[in-house]
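Structure first, then comments.
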Amino acid sequence: MKTILVPTDFSDTSINAAKYACGLAKQVGAKEIVLYNAFLTPLSTTMDPSVPGLSIVDFETLESASLEGLHFVKQQLTKEFGDIGIEIEVLAKHGYLADSINAVCDVVNADVIVMGITGGGILTEKVFGSNTTILARSAKVPVIIVPSESCYKHVSKLLLVSDYIEIEEFVPFIPIKRVLDETNAQLMILHVAPSTHHSLYEGAYECFAFKELFAGYNPEFHFIVNPNFAEAINDFALANKADITIVIPKKHSFLESIFKKSHTKDLAFHSNIPLMAVHEQ
């Protein structure tokens, strides 16, 4: 992780994620943190000759305000963490965050995205989601989702959650190995089954496949029967002192996504520890 990209909207949650990024950067020896704000053009209530009752705030004013906010966050981080040997850069761009994130990743050569999330109520969680969960599905690099109450602590245990489906094809083992190497963390692999009928996986082919993919990393295998996915993961992570939970978002079609329950979104809104979304290969 040489470059960590931290999208921010200047909320307490996003600033907390930036603080988490500083701790992570120090542990893995990152060279740069990029604070990024995607700003939009709002409508004001002053009069515009062509559109009665509306006018558009000029671009330069918006960009200036965005950069001012980014520099304020940078100053907060510098004040709290001091000189940790990591460059903190700022970037402000006009547009929607979800639409621009991959282009920005290319521009700054980001290795990982770190951003915050807060539960927004049933409407936000089940219908609209959030920028964070949208990015977890669409970003080309891993996304670490930091709960609003989570503070950084040294990463020593990673919990990989798997549905045990087509492991060789869909498990992105290369970026996961990279995180293991950079943190020197222990790997735990967890399968959550909705009932005892689906829980008899120990010693099966899936475990063998994971052992082959992560040869030399000595993963531990665990199995839980619980129909409540988020509850099962949170309880296990807490009991086993996991520092980051890794999930692999599934890429459903638009129509499928309407009817399929997103475990990644569900867990993101209810996780007690940071969640890392790593995409299928």
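The numbers here are math on the coordinates, done by the rules we state, and not lab data. Predicted, not measured: the structure shown is a model, and the values here were computed from it. Virtual Cβ from ideal backbone geometry, glycine too; neighbours counted across all protein chains shown.
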Expressed in nm to one decimal, what extension gain is obtained for the pair residue 140 and residue 81 from 0.36 nm per residue of sequence separation less their Cα-Cα distance? 18.3 nm
Using mean Cβ contacts within 10 Å as the protection proxy, how do 238-245, 141-148, 216-223 order, highest first? 141-148, 238-245, 216-223
Taking amide H positions as placed 1.01 Å from N in the peptide plane, with prolines and chain starts having none, which residues 5 or more places from residue 160, or on another chain, fall under 5 Å of its amide H? 188, 189, 190, 246
So if we plug the beta-carbon distance of residue 74 and residue 153 into 1/(1 + (r/R0)^6) with R0 = 22 Å, what FRET efficiency do we get, rounded to 0.05? 0.45
Simple spin-label model, 7 Å along Cα-to-Cβ: residue 240 to residue 168 in nm? 2.5 nm
If the label point is 7 Å along Cα→Cβ of residue 181, which residues in the range 1-40 have backbone nitrogen under 20 Å from it? 1-5, 24-32
Cα shape, the range 74-115, gyration tensor, a/c 1.5 rule: prolate
Return the sequence-ordered ³J(HN,Hα) values of the range 3-14 in whole Hz as given by the Karplus equation 6.51 cos²θ - 1.76 cosθ + 1.60 applied to θ = phi - 60°, using x for Gly and Pro. 10, 10, 9, 10, x, 9, 10, 6, 6, 4, 5, 6
Net charge near residue 186: determine it from the other residues with C-beta under 13 Å of the C-beta of residue 186, scoring Lys and Arg +1 and Asp and Glu -1. -1
Using θ = phi - 60° and Karplus 6.51 cos²θ - 1.76 cosθ + 1.60, couplings along the range 176-192 (whole Hz; Gly, Pro as x): 5, 4, 4, 5, 4, 5, 6, 9, 6, 8, 7, 9, 10, 10, 10, 10, 9
